[in-house]
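Scroll down for the structure; my scribbles are underneath it.
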Amino acid sequence: MKKISMLLILFLFISCNNSNTESKSIEKENTNYTVSCDLIYDYERAQQFTFKYLDAMPEENYSFKPTPEILSFREEAIHLGLVNYRYAAMIAGSYDASNEKEIMSRQELQSKKQVIEFVSNSYDVMINQINTEQNLNAKTYYYRWSCSKECLARKGFEHQSHHRGKFAIYLRLKGIKPPFEQLIFKDGDIPKRDIETEDWESTKNYLKYKKLVD
């Protein structure tokens, strides 16, 4: 009888211990991460990131073209801003039919300061438009294709990312080191990590990743 009792106690101890271990493992896997995936946050971050690129290029190099057939650095910047305005207009259910060449030739968009202001304002307009939308799932049009307003905002984000990425080549060709990547957080906004390195490296996803990559 004593042997049976001891076996039962041992079994219960092992079961509880396994349960606690499993619970800790699940807790590690289900961590609530604080990396933001919010449209407004990401556009504000992109605005900061883009400003750093535009500021890094000296004014005398704003007319620089790596090859004759492509846009100058200044024109690339204006194009980025113009399309931000255009996407914001489409999210609002309208369309921006402005002439890009005419805008690029405007006297008030020739200096570095003027271009930076134009591009920065375009982000403000986009952010404000997203902020004021009651329903980002509502359907609208991307030119002749139907899509949601959120889809348009994300396509706009992809567009500005593409053109800002091109700025790095212009800077490199002028011997200027591009700003450090700002792909996750806004300035001064790196939160405390949600999981310690040791715990992270013991998660199933991390161990699986190592096997696949290494």
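Every read-out reported here was derived from the displayed coordinates using simple, explicitly stated rules and does not represent laboratory data. Note that this is a predicted model, so its numbers are computed, not measured. Don't worry about glycine lacking a Cβ; one is built from the backbone with ideal geometry, like all the others, and counts go over all protein chains shown.
Details
- Only aspartates and glutamates eight or more places from residue 177 in sequence, or on another chain, were considered; those with a Cα closer than 15 Å are 55.
- With distances taken between every two different alpha-carbon atoms, region 120-172 has a Kirkwood hydrodynamic radius of 12.5 Å.
- Simple Cβ-charge dipole of region 104-204, Lys/Arg +1 and Asp/Glu -1, about Cα centre, in debye nearest 20: 740
- Our note on the geometry: Cα centres of region 98-126 and region 154-194, 20 Å apart.
- Shape category assigned to region 107-150 from the gyration tensor of Cα positions, a/c cut at 1.5: oblate
- A cut-off of 5 Å between modelled amide H atoms, ignoring neighbours fewer than 5 places along the same chain, links residue 140 with 147, 148, 149.
- Counting neighbouring Cβ atoms within 10 Å and putting the fewest first, the residues 144, 106, 164 line up as 144, 106, 164.
- Rg over Rh [alpha-carbon atoms, Kirkwood Rh] for region 29-157: 1.03
- Taking the Cα centre of region 42-167 as reference, the dipole from Cβ charges on Lys and Arg (+1) and Asp and Glu (-1) amounts to some 300 debye.
- Cross-linked pairs 112/139; 155/204; 65/112; 113/139; 155/192: Cα-Cα separations exceed 27 Å for 112/139; 155/204; 113/139; 155/192.
- Order of 187, 199 under a 10 Å beta carbon neighbour criterion, fewest first: 187, 199
- Quotient of the Cα radius of gyration of region 84-214 and 2.2 N^0.38 Å, N being its number of residues: 1.44.
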